[in-house]
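Undergrad: The following block contains the structure, expressed as C-alpha coordinates.
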Amino acid sequence: MTTKANSFLGLVIGNSRLHWAWFVDNTLKKAWDTNHLTPAAVAQLIKDWTSNVMSEEIFPPQLGAQGTDTSKPLPLYIASVVPAQTALWQNYSDTTILTLEDLPLSGLYPTLGIDRALALFGAGHRYSYPILVIDAGTALTFTGANQNLQLIGGAILPGLGLQLQSLAQKTGALPAIELPAQLPKRWSLETSGAMASGVVYTVLASIRDFIEDWQREFPNSPIALTGGDSEQLVTYLQSQFPGIAAQIIVDPYLIFWGMLSVVGS
(Lines give C-alpha, C1' and ligand atoms only; values in the text may rest on other atoms or scores of the structure.)
Protein backbone atom coordinates (compact mmCIF):
# COMPACT_ATOMS: atom_id res chain seq x y z
CA MET A 1 0.00 0.00 0.00
CA THR A 2 1.13 3.53 -0.68
CA THR A 3 2.36 5.91 2.01
CA LYS A 4 -0.33 8.42 2.97
CA ALA A 5 0.13 12.05 1.89
CA ASN A 6 -2.09 15.08 2.34
CA SER A 7 -0.42 17.40 -0.19
CA PHE A 8 0.72 15.95 -3.49
CA LEU A 9 0.63 16.06 -7.27
CA GLY A 10 -1.48 13.52 -9.12
CA LEU A 11 -0.73 12.59 -12.72
CA VAL A 12 -3.03 10.45 -14.84
CA ILE A 13 -1.28 9.48 -18.07
CA GLY A 14 -4.00 8.86 -20.63
CA ASN A 15 -3.83 7.75 -24.23
CA SER A 16 -4.20 11.28 -25.54
CA ARG A 17 -3.26 13.68 -22.74
CA LEU A 18 -1.65 14.11 -19.34
CA HIS A 19 -4.18 14.92 -16.62
CA TRP A 20 -2.78 16.72 -13.57
CA ALA A 21 -4.13 17.52 -10.11
CA TRP A 22 -2.66 19.44 -7.21
CA PHE A 23 -3.93 18.52 -3.75
CA VAL A 24 -3.28 20.64 -0.67
CA ASP A 25 -4.43 19.28 2.71
CA ASN A 26 -6.47 16.64 0.89
CA THR A 27 -8.37 19.28 -1.07
CA LEU A 28 -8.25 19.48 -4.86
CA LYS A 29 -6.63 22.86 -5.44
CA LYS A 30 -6.32 22.71 -9.22
CA ALA A 31 -6.75 20.27 -12.11
CA TRP A 32 -5.48 20.78 -15.66
CA ASP A 33 -4.42 18.91 -18.81
CA THR A 34 -1.29 19.03 -20.96
CA ASN A 35 -0.02 17.18 -23.98
CA HIS A 36 2.28 14.19 -23.55
CA LEU A 37 5.85 15.33 -22.87
CA THR A 38 9.07 14.32 -24.57
CA PRO A 39 11.78 12.52 -22.57
CA ALA A 40 13.91 15.68 -22.69
CA ALA A 41 11.04 17.82 -21.37
CA VAL A 42 10.38 15.46 -18.46
CA ALA A 43 14.08 15.31 -17.60
CA GLN A 44 14.21 19.11 -17.53
CA LEU A 45 11.12 19.31 -15.32
CA ILE A 46 12.63 16.90 -12.82
CA LYS A 47 15.90 18.84 -12.84
CA ASP A 48 14.00 22.09 -12.21
CA TRP A 49 12.08 20.54 -9.31
CA THR A 50 15.33 19.59 -7.61
CA SER A 51 16.37 23.25 -7.95
CA ASN A 52 13.14 24.42 -6.32
CA VAL A 53 11.61 25.62 -9.63
CA MET A 54 8.17 24.67 -10.95
CA SER A 55 7.72 25.30 -14.66
CA GLU A 56 4.77 27.65 -15.26
CA GLU A 57 4.44 26.19 -18.75
CA ILE A 58 3.19 22.98 -17.13
CA PHE A 59 2.07 23.94 -13.64
CA PRO A 60 -0.34 26.64 -12.44
CA PRO A 61 1.36 29.89 -11.34
CA GLN A 62 0.29 29.49 -7.71
CA LEU A 63 2.10 26.15 -7.51
CA GLY A 64 5.22 27.66 -9.07
CA ALA A 65 5.04 30.59 -6.66
CA GLN A 66 4.82 28.21 -3.71
CA GLY A 67 8.02 26.47 -4.76
CA THR A 68 9.11 23.12 -3.38
CA ASP A 69 11.16 22.07 -0.42
CA THR A 70 14.17 20.24 -1.83
CA SER A 71 14.57 18.36 1.45
CA LYS A 72 10.96 17.16 1.18
CA PRO A 73 9.81 17.21 -2.45
CA LEU A 74 6.12 17.23 -3.29
CA PRO A 75 5.05 13.60 -3.76
CA LEU A 76 3.99 12.62 -7.28
CA TYR A 77 1.43 9.84 -7.66
CA ILE A 78 0.97 8.41 -11.13
CA ALA A 79 -1.79 6.34 -12.69
CA SER A 80 -0.91 5.44 -16.24
CA VAL A 81 -2.11 3.44 -19.22
CA VAL A 82 0.92 4.44 -21.33
CA PRO A 83 4.02 2.57 -20.07
CA ALA A 84 6.47 4.54 -22.23
CA GLN A 85 5.30 7.81 -20.64
CA THR A 86 5.31 6.28 -17.15
CA ALA A 87 8.97 5.35 -17.41
CA LEU A 88 9.97 8.98 -17.97
CA TRP A 89 9.06 9.95 -14.40
CA GLN A 90 10.96 7.25 -12.55
CA ASN A 91 13.90 9.55 -11.79
CA TYR A 92 11.83 11.95 -9.68
CA SER A 93 12.79 11.40 -6.05
CA ASP A 94 9.26 10.91 -4.71
CA THR A 95 7.31 9.11 -7.41
CA THR A 96 4.75 6.40 -6.66
CA ILE A 97 3.14 4.40 -9.46
CA LEU A 98 -0.34 3.33 -8.41
CA THR A 99 -1.40 -0.20 -9.30
CA LEU A 100 -4.52 -2.30 -8.91
CA GLU A 101 -3.08 -3.75 -5.70
CA ASP A 102 -3.46 -0.33 -4.05
CA LEU A 103 -7.25 -0.39 -4.41
CA PRO A 104 -9.61 -2.05 -1.89
CA LEU A 105 -11.82 -3.43 -4.66
CA SER A 106 -12.30 -7.14 -5.20
CA GLY A 107 -12.61 -9.03 -8.45
CA LEU A 108 -10.14 -6.87 -10.36
CA TYR A 109 -8.47 -8.67 -13.25
CA PRO A 110 -4.78 -8.09 -14.12
CA THR A 111 -5.33 -6.22 -17.39
CA LEU A 112 -7.96 -3.82 -16.04
CA GLY A 113 -6.77 -0.28 -16.65
CA ILE A 114 -5.77 1.58 -13.50
CA ASP A 115 -7.68 4.61 -14.81
CA ARG A 116 -10.93 2.63 -14.91
CA ALA A 117 -10.31 1.14 -11.49
CA LEU A 118 -9.48 4.48 -9.87
CA ALA A 119 -12.51 6.18 -11.44
CA LEU A 120 -14.70 3.35 -10.14
CA PHE A 121 -13.25 3.58 -6.64
CA GLY A 122 -13.45 7.37 -6.64
CA ALA A 123 -17.07 7.35 -7.78
CA GLY A 124 -18.10 4.72 -5.26
CA HIS A 125 -16.28 6.50 -2.44
CA ARG A 126 -17.93 9.81 -3.33
CA TYR A 127 -21.42 8.74 -4.43
CA SER A 128 -21.90 5.32 -2.81
CA TYR A 129 -22.05 1.74 -4.06
CA PRO A 130 -23.32 0.08 -6.21
CA ILE A 131 -21.93 2.42 -8.86
CA LEU A 132 -21.75 2.50 -12.64
CA VAL A 133 -19.01 4.65 -14.20
CA ILE A 134 -19.04 5.71 -17.83
CA ASP A 135 -15.74 7.19 -18.97
CA ALA A 136 -16.00 9.09 -22.25
CA GLY A 137 -12.38 9.48 -23.25
CA THR A 138 -10.38 8.15 -26.18
CA ALA A 139 -12.20 4.91 -25.44
CA LEU A 140 -15.72 4.83 -24.06
CA THR A 141 -15.84 2.48 -21.10
CA PHE A 142 -18.49 1.14 -18.76
CA THR A 143 -17.35 -0.16 -15.36
CA GLY A 144 -19.55 -1.24 -12.46
CA ALA A 145 -19.13 -2.39 -8.88
CA ASN A 146 -21.69 -3.74 -6.41
CA GLN A 147 -22.38 -2.79 -2.79
CA ASN A 148 -19.58 -5.10 -1.62
CA LEU A 149 -16.96 -3.12 -3.60
CA GLN A 150 -16.70 -6.03 -6.02
CA LEU A 151 -16.13 -5.42 -9.71
CA ILE A 152 -19.16 -6.61 -11.68
CA GLY A 153 -17.47 -6.00 -15.02
CA GLY A 154 -17.70 -3.62 -17.93
CA ALA A 155 -17.24 -2.94 -21.60
CA ILE A 156 -14.97 -0.94 -23.89
CA LEU A 157 -15.69 0.60 -27.27
CA PRO A 158 -14.07 3.37 -29.33
CA GLY A 159 -14.93 6.86 -28.13
CA LEU A 160 -16.75 9.43 -30.25
CA GLY A 161 -13.61 11.10 -31.55
CA LEU A 162 -11.82 7.82 -32.21
CA GLN A 163 -14.74 6.50 -34.26
CA LEU A 164 -14.80 9.63 -36.41
CA GLN A 165 -11.02 9.54 -36.74
CA SER A 166 -11.10 5.90 -37.85
CA LEU A 167 -13.65 6.65 -40.54
CA ALA A 168 -11.49 9.48 -41.89
CA GLN A 169 -8.23 7.54 -41.77
CA LYS A 170 -9.38 4.11 -42.93
CA THR A 171 -11.52 5.14 -45.89
CA GLY A 172 -10.66 6.85 -49.14
CA ALA A 173 -13.42 9.43 -49.36
CA LEU A 174 -14.72 10.23 -45.86
CA PRO A 175 -13.52 13.54 -44.39
CA ALA A 176 -12.10 14.37 -40.95
CA ILE A 177 -14.85 16.09 -38.97
CA GLU A 178 -15.40 17.47 -35.48
CA LEU A 179 -18.25 16.54 -33.19
CA PRO A 180 -21.22 18.88 -33.63
CA ALA A 181 -22.07 21.10 -30.67
CA GLN A 182 -25.69 19.93 -30.66
CA LEU A 183 -27.35 16.61 -31.42
CA PRO A 184 -27.06 16.08 -35.19
CA LYS A 185 -29.97 15.26 -37.46
CA ARG A 186 -30.47 11.51 -37.62
CA TRP A 187 -31.18 11.41 -41.36
CA SER A 188 -28.53 13.50 -43.10
CA LEU A 189 -28.32 14.56 -46.74
CA GLU A 190 -24.57 15.16 -46.69
CA THR A 191 -21.53 13.05 -45.76
CA SER A 192 -20.23 14.89 -42.69
CA GLY A 193 -23.67 14.93 -41.14
CA ALA A 194 -24.17 11.25 -41.91
CA MET A 195 -20.89 10.40 -40.17
CA ALA A 196 -21.86 12.44 -37.11
CA SER A 197 -25.30 10.86 -37.04
CA GLY A 198 -24.02 7.32 -37.32
CA VAL A 199 -21.44 7.70 -34.56
CA VAL A 200 -23.46 9.84 -32.15
CA TYR A 201 -26.76 7.96 -32.31
CA THR A 202 -25.05 4.58 -32.07
CA VAL A 203 -23.10 5.67 -28.99
CA LEU A 204 -26.21 7.15 -27.35
CA ALA A 205 -28.14 3.95 -27.96
CA SER A 206 -25.29 1.95 -26.44
CA ILE A 207 -25.22 4.16 -23.36
CA ARG A 208 -28.97 3.82 -22.91
CA ASP A 209 -28.78 0.04 -23.31
CA PHE A 210 -25.95 -0.39 -20.79
CA ILE A 211 -27.63 1.89 -18.26
CA GLU A 212 -30.98 0.11 -18.56
CA ASP A 213 -29.33 -3.27 -18.16
CA TRP A 214 -27.37 -2.07 -15.12
CA GLN A 215 -30.47 -0.62 -13.51
CA ARG A 216 -32.35 -3.90 -13.84
CA GLU A 217 -29.74 -5.40 -11.50
CA PHE A 218 -29.02 -2.30 -9.40
CA PRO A 219 -32.11 -0.05 -9.65
CA ASN A 220 -30.95 2.55 -7.10
CA SER A 221 -27.37 2.79 -8.27
CA PRO A 222 -25.88 6.20 -9.07
CA ILE A 223 -24.43 6.59 -12.56
CA ALA A 224 -21.33 8.74 -12.93
CA LEU A 225 -19.99 10.11 -16.20
CA THR A 226 -16.43 11.36 -16.63
CA GLY A 227 -13.87 11.90 -19.39
CA GLY A 228 -13.14 14.50 -22.02
CA ASP A 229 -16.37 13.98 -23.98
CA SER A 230 -18.64 13.85 -20.93
CA GLU A 231 -20.13 17.33 -21.27
CA GLN A 232 -20.76 16.78 -24.98
CA LEU A 233 -22.42 13.44 -24.33
CA VAL A 234 -24.72 14.92 -21.70
CA THR A 235 -25.78 17.61 -24.17
CA TYR A 236 -26.69 14.90 -26.67
CA LEU A 237 -28.43 12.77 -24.04
CA GLN A 238 -30.50 15.72 -22.83
CA SER A 239 -31.90 16.03 -26.34
CA GLN A 240 -32.30 12.34 -27.13
CA PHE A 241 -32.91 10.66 -23.75
CA PRO A 242 -33.67 13.40 -21.20
CA GLY A 243 -34.85 10.92 -18.59
CA ILE A 244 -31.50 9.13 -18.67
CA ALA A 245 -29.54 12.39 -18.75
CA ALA A 246 -31.31 13.52 -15.56
CA GLN A 247 -29.99 10.46 -13.71
CA ILE A 248 -26.34 10.99 -14.63
CA ILE A 249 -23.79 12.67 -12.36
CA VAL A 250 -21.12 14.43 -14.44
CA ASP A 251 -17.82 14.56 -12.57
CA PRO A 252 -14.55 15.17 -14.46
CA TYR A 253 -12.43 14.31 -11.40
CA LEU A 254 -13.43 10.72 -10.64
CA ILE A 255 -9.93 9.34 -11.17
CA PHE A 256 -8.48 11.99 -8.88
CA TRP A 257 -11.11 11.27 -6.20
CA GLY A 258 -10.00 7.66 -6.41
CA MET A 259 -6.38 8.69 -6.15
CA LEU A 260 -7.13 10.87 -3.11
CA SER A 261 -9.01 8.02 -1.45
CA VAL A 262 -5.95 5.79 -1.90
CA VAL A 263 -3.12 8.16 -1.00
CA GLY A 264 -4.69 10.90 1.14
CA SER A 265 -4.44 10.78 4.90
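The values are calculated or read from the model by the stated rules, or taken from the named source; none is laboratory data. In this text, all values refer to a predicted model and were calculated from it rather than measured experimentally. Cβ sites come from the backbone with ideal geometry, for glycine too, and all protein chains shown count toward neighbours. Areas reflect the complete protein model, heavy atoms only, side chains present, ligands, DNA and RNA absent. Shrake-Rupley method; radii C 1.70, N 1.55, O 1.52, S 1.80 Å.
Undergrad: For a quick check: with amide H placed at 1.01 Å from N, whose amide H comes under 5 Å from residue 152's, ignoring anything fewer than 5 positions away on the same chain?
TA: 144, 145, 146
Undergrad: Let's see if you can work this out: charge +1 on each Lys and Arg Cβ, -1 on each Asp and Glu Cβ, no other charges. What is the dipole magnitude of the chain about its Cα centre, in debye to the nearest 20?
TA: With only Lys, Arg, Asp and Glu charged at Cβ, the dipole is about 140 debye.
Undergrad: Over its Cα atoms, what ratio of radius of gyration to 2.2 N^0.38 Å does the chain give?
TA: 1.08
Undergrad: OK, next. Once Lys and Arg get +1 and Asp and Glu get -1 on their Cβ, which of 49, 83, 26 lies farthest toward the positive end of the dipole of the stretch 5-96?
TA: Result: 83, furthest along the dipole toward the positive end.
Undergrad: Below 29 Å Cα-Cα, how many Lys pairs turn up in the chain? Only count pairs eight or more apart in sequence, or on different chains, if you could.
TA: 10
Undergrad: So what's the angle, to the nearest 10 degrees on a 0 to 90 scale, between helix 39-50 and the longest Cα principal axis of the chain?
TA: 40
Undergrad: Keeping every protein chain present and rolling a 1.4 Å probe, give me the accessible area per residue for the chain in Å².
TA: Roughly 48 Å² per residue, with all protein chains present.
Undergrad: Only four residue types carry charge here, +1 at the Cβ of Lys and Arg and -1 at the Cβ of Asp and Glu. Report the dipole size of the stretch 86-231 about the Cα centre in Debye, rounded to the nearest 20.
TA: 340
Undergrad: For the stretch 102-256, build the charge dipole from Cβ charges (+1 Lys, Arg; -1 Asp, Glu) around the Cα centre, then report which of 219, 192, 120 sits farthest towards its positive end.
TA: The Cα lying farthest towards the positive end belongs to 192.
Undergrad: Let me ask something else about it. Projected area of the stretch 5-96, taken from the Cα convex hull and averaged over every viewing direction, in nm²?
TA: Projected area, direction-averaged: 5.3 nm².
Undergrad: Report Rg(Cα)/(2.2 N^0.38 Å) for the stretch 138-223, keeping two decimals.
TA: In units of the globular-protein estimate, the stretch 138-223 measures up at 1.34.
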